[in-house]
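Encoded as structure tokens, the structure appears first; notes follow it.
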Amino acid sequence: LFPQGQLLAKSWTSLFGGQSGAALRAPIYSFNGRNVLTDALWPQRLAWHGSTPRGGHARRWDCQGWRSSGTAEGMATALGEGRLLAGHRHNCSTP
């Protein structure tokens, strides 16, 4: 049984454009019930989004059309960073 009703962020703005030192306070669970913030299965703990810091589509950095043999990059943010759309380019092959 998973806990429900835990606050992930104080507001929409704090989730996407919050202070750089802000951190997610509640666990984030995968579909198979693992806490992605603490489980070793997710060593990178990235949120892949393909967006600009303002929420627009980062057309060159969205991993769309990516193939395993390619070197494409996409925008992703470390979950502990506090600003979900801050984003940095990561190789689309990153697990």
### Message
Looking only at the range 65-89, filter to residues that are modelled with pLDDT of 85 or more and open to solvent by 90 Å² or more (accessible area, probe 1.4 Å); which one of those is nearest to residue 9 (Cα to Cα)?
### Response
88
## Note on the structure
Selection over the range 13-59 where residues are at pLDDT below 70, hydroxyl-bearing (Ser, Thr, Tyr) and open to solvent by less than 50 Å² (accessible area, probe 1.4 Å) yields a count of 1
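The values are calculated or read from the model by the stated rules, or taken from the named source; none is laboratory data. Given the structure is predicted, the values throughout are model-derived calculations rather than measurements. SASA here: full protein model, heavy atoms, side chains in, ligands and nucleic acids out. Shrake-Rupley method; radii C 1.70, N 1.55, O 1.52, S 1.80 Å.
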